[in-house]
Protein chains: 2
Amino acid sequence: MNYILKDENALYYECGYSSDNALYLKCGSEAYFVTDARYRVEAQEKVRGAKVITTTDLIKSVQKVMKRNKLRKVLFDPKEWSVAAFEKLSVKNCIVFKPMQDFSHKKRIIKSDAELKILSKAAKFGKNAFKILEKEFNHSGFGEDEYGLTYVAKSILSDFGKYDLSFDPIVAINKSAAKPHALPTKSRLRKGDLLLVDAGLKYKRYCSDRTRTVSAKKGFHFDTNQHFKSKKIERAYDAVLKAHDNAIVKARSGMKAKKVDALTRDIISKAGFGRYYVHSTGHGVGLDIHEMPYISSRSDTIIEDGMVYTIEPGIYLPGEFGIRIEDMVAMVNGKAVVL
Amino acid sequence: MNYILKDENALYYECGYSSDNALYLKCGSEAYFVTDARYRVEAQEKVRGAKVITTTDLIKSVQKVMKRNKLRKVLFDPKEWSVAAFEKLSVKNCIVFKPMQDFSHKKRIIKSDAELKILSKAAKFGKNAFKILEKEFNHSGFGEDEYGLTYVAKSILSDFGKYDLSFDPIVAINKSAAKPHALPTKSRLRKGDLLLVDAGLKYKRYCSDRTRTVSAKKGFHFDTNQHFKSKKIERAYDAVLKAHDNAIVKARSGMKAKKVDALTRDIISKAGFGRYYVHSTGHGVGLDIHEMPYISSRSDTIIEDGMVYTIEPGIYLPGEFGIRIEDMVAMVNGKAVVL
């Protein structure tokens with residue numbers, strides 16, 4: 001099977017290295033890593049199992065290799081290629097390019113033991129960062145606005161620049177938390193506010209992902225033992241937590257992903273908040289922060305041992321508040337283990 | 001002229017707002033901004049001159065609008081669309097999608113007075129950040145590794161989270177600087193090291209971009225008055241500075257971009273470092289950090305008043321050192337003015 005890849009994480013998965021201007025071509029038993037001269041030294045040191053070619057025109061060089069190897073059919077991922085780049089790749093040759101959507105993500109859906117170890121460590125570091133963050137927020141977070149708090153979260157999650165982040169952290173107060181993809185605002189943290197933090201870091205390129213929603217009293221912890229003055233918030237929080245715990249306890253290898261989704265959705269619906277649960281239960285996590293399996297109400301993917309994904313039910317009341325509790329789980333011996 | 005845009009900065013340029021999941025469709029005198037429900041409120045507040053549509057399926061909604069308006073021909077940028085997304089857009093309808101590469105970048109190549117003001121301010125803030133950074137590095141940078149120094153650069157450039165960055169800053173010591181796109185390493189800053197910093201911030205979404213290479217003696221400044229112990233480095237530095245200054249003094253509106261490129265390249269070649277000048281002289285800067293005009297040896301683009309681009313010659317000796325000096329210029333009354 002011949003295939004060509006373009007995405008950085010897809011490349012890294014194949015050969016242990018990537019650069020922001022590179023292609024990976026697999027022709028039968030041979031493989032080629034094609035990049036430009038800026039990355040020659042690193043690529044030659046780090047690429048495993050592929051021949052490194054440096055060039056000023058990646059696509060032309062790949063075409064030459066395909067011609068020399070007399071390739072007739074090559075798989076590609078139509079999400080990875082722009083219309084312009086694919087036009088250049090596919091024009092003027094007699095190769096059939098066969099689209100295979102999510103080609104690399106499909107290969108990566110079951111994690112190896114080595115990957116599970118790294119992901120577990122990433123999650124541990126992520127969890128530890130929340131511990132440090134709660135200390136910092138208790139110490140000097142009150143009175144700061146979401147911009148400032150987000151900056152502190154970035155600093156601590158990255159251990160002051162040592163780690164990359166999985167994504168820009170979300171730090172949202174009260175009604176800001178009602179937007180699932182909240183950008184910072186100028187609202188300031190006051191004692192007793194609802195505070196949602198969704199953040200993750202990368203360890204050896206693998207992502208962590210974690211969300212906690214807390215009642216930010218003096219001395220608060222980013223745990224799930226929270227009590228809110230507002231009865232409505234309290235009811236919503238309890239529903240989200242119950243949904244979250246239910247999915248973790250009851251998810252099984254062999255289930256369809258939509259069944260796992262139902263493990264959170266049914267509880268939130270029964271609590272009367274169904275229409276405010278506006279996203280799916282979770283997503284796979286690995287080299288990409290969002291990958292397979294997707295734990296949604298429409299997914300027929302069969303959950304299997306070795307998959308790693310988030311359980312992150314949420315309830316969002318526009319203009320009022322939002323709640324989300326998220327952990328990463330790995331499927332081990334048929335069950336979900338929290339990382 | 002009908003056209004469809006997808007890129008965030010392209011959208012912002014058209015209507016003053018963008019979201020990470022949106023399309024912009026111009027049909028004759030009408031325009032539509034199509035996004036999902038998460039962005040409804042913000043879009044309705046901020047989009048200028050276009051009707052806001054929120055939907056769960058952007059492409060389907062756009063197709064409906066195109067059908068209702070009986071469009072026959074729509075321009076699109078083949079760089080903006082993945083093969084998969086374009087397939088979905090263009091299948092099952094009788095519209096001709098005409099590729100127009102760099103459609104938005106071409107519209108944006110000449111900056112308006114308002115844009116020039118913003119870019120000039122962005123550059124000023126960027127320059128000021130280098131001032132603060134030199135203080136910080138002199139105070140506590142020695143002994144720190146490139147990870148730590150990069151983190152400090154990020155913190156200061158972003159004014160501790162207030163500004164977005166144009167790109168992840170490059171902070172490279174000695175031989176690290178020989179890689180034009182260096183990633184941080186564990187090498188630590190010692191007195192007298194060569195230190196290269198390439199960094200920029202965004203002001204009102206417009207980018208700044210600046211590089212200085214210095215001899216990091218105690219009390220050093222990020223200016224161009226540098227002296228190195230090594231004669232080879234000193235020779236290379238002088239060639240880069242002379243090339244940089246030559247292009248700024250001699251660039252003229254009406255010149256081809258490749259002529260501007262030659263203003264730096266000829267000097268570096270004459271100094272005997274031609275083969276170590278592995279990139280082009282510069283690139284346009286605006287909403288994107290890399291846009292038109294590209295100042296390369298192959299570019300026939302005519303330089304005009306209102307263009308903003310970088311002059312950033314460099315010399316890179318693999319395993320030894322790298323030097324780059326970069327400023328942003330705007331073409332005003334036929335000449336290059338440093339921003």
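The values are calculated or read from the model by the stated rules, or taken from the named source; none is laboratory data. Since we're looking at a predicted model, the values are computed, not measured. Cβ coordinates were reconstructed from backbone atoms using ideal geometry, including for glycine residues, and neighbour counts include every protein chain displayed. In case anyone asks, the SASA skips ligands and DNA or RNA and just uses the protein heavy atoms, side chains included. Shrake-Rupley method; radii C 1.70, N 1.55, O 1.52, S 1.80 Å.
A single member of A:G319, A:G334 is touching a Ser or Thr at 6+ places or on another chain (Cβ under 6 Å), at positive phi and not aliphatic (A, V, I, L, M), and it is A:G334.
From the list B:V171, B:V197, B:V152, the one residue that fits, being over 30 Å from B:I302 (Cβ atoms), more than 14 Å from chain A (Cβ to nearest Cβ) and either in contact with a helix residue (DSSP H, G or I) (Cβ under 8 Å, 6 or more places away or on another chain) or at pLDDT below 95 (or both), is B:V197. Residues in region B:125-149 that are of a type in the set (D, E), more than 12 Å from chain A (Cβ to nearest Cβ) and open to solvent by 60 Å² or more (accessible area, probe 1.4 Å): B:E136 only. For B:A172, the conditions (1) open to solvent by less than 10 Å² (accessible area, probe 1.4 Å); (2) of a type outside the set (D, E); (3) not in a strand (DSSP E or B) are fulfilled apart from (3).
Condition check for B:K92 on (1) out of contact with any Lys or Arg (no Cβ under 8 Å at 6 or more places or on another chain); (2) within 14 Å of another protein chain (Cβ to nearest Cβ): one failure, at (2).
Within region B:227-243, being touching a helix residue (DSSP H, G or I) at 6+ places or on another chain (Cβ under 6 Å) and free of Cβ contacts under 8 Å to residues at least 40 places away in the same chain holds for B:F228, B:K242. Looking across region B:60-101, the residues that are touching a Pro at 6+ places or on another chain (Cβ under 7 Å) and among the hydrophobic types (A, V, I, L, M, F, W, C) come down to B:F76, B:V83, B:A84. Do we have B:S158 as facing chain A (nearest Cβ under 10 Å) and touching a residue at least 24 places away in the same chain (Cβ under 8 Å) here? The answer is yes for B:S158.
Among the residues that make up region A:103-123, is at least one of them in contact with a Pro (Cβ under 8 Å, 6 or more places away or on another chain) and touching a residue at least 60 places away in the same chain (Cβ under 8 Å)? Among the residues of region A:103-123, at least one is in contact with a Pro (Cβ under 8 Å, 6 or more places away or on another chain) and touching a residue at least 60 places away in the same chain (Cβ under 8 Å), which makes the answer yes.
Considering only residues of region B:176-187 that are open to solvent by 60 Å² or more (accessible area, probe 1.4 Å) and at the interface with chain A (Cβ under 10 Å from one of its Cβ atoms), which is modelled with the highest pLDDT?
Residue satisfying both the conditions and the ranking: B:K179.
Every condition in (1) over 26 Å from B:K88 (Cβ atoms); (2) touching a helix residue (DSSP H, G or I) at 6+ places or on another chain (Cβ under 7 Å); (3) not aromatic (F, W, Y) is met by A:K88 except one, and the failing one is (1). None of A:R275, A:R265 is without any contact (Cβ under 8 Å) to a residue 40 or more places away in the chain and of a type in the set (K, R) except A:R275.
Of all the residues in region A:60-82, those that are away from chain B (no Cβ under 14 Å) and farther than 21 Å from A:D36 by Cβ number 5.
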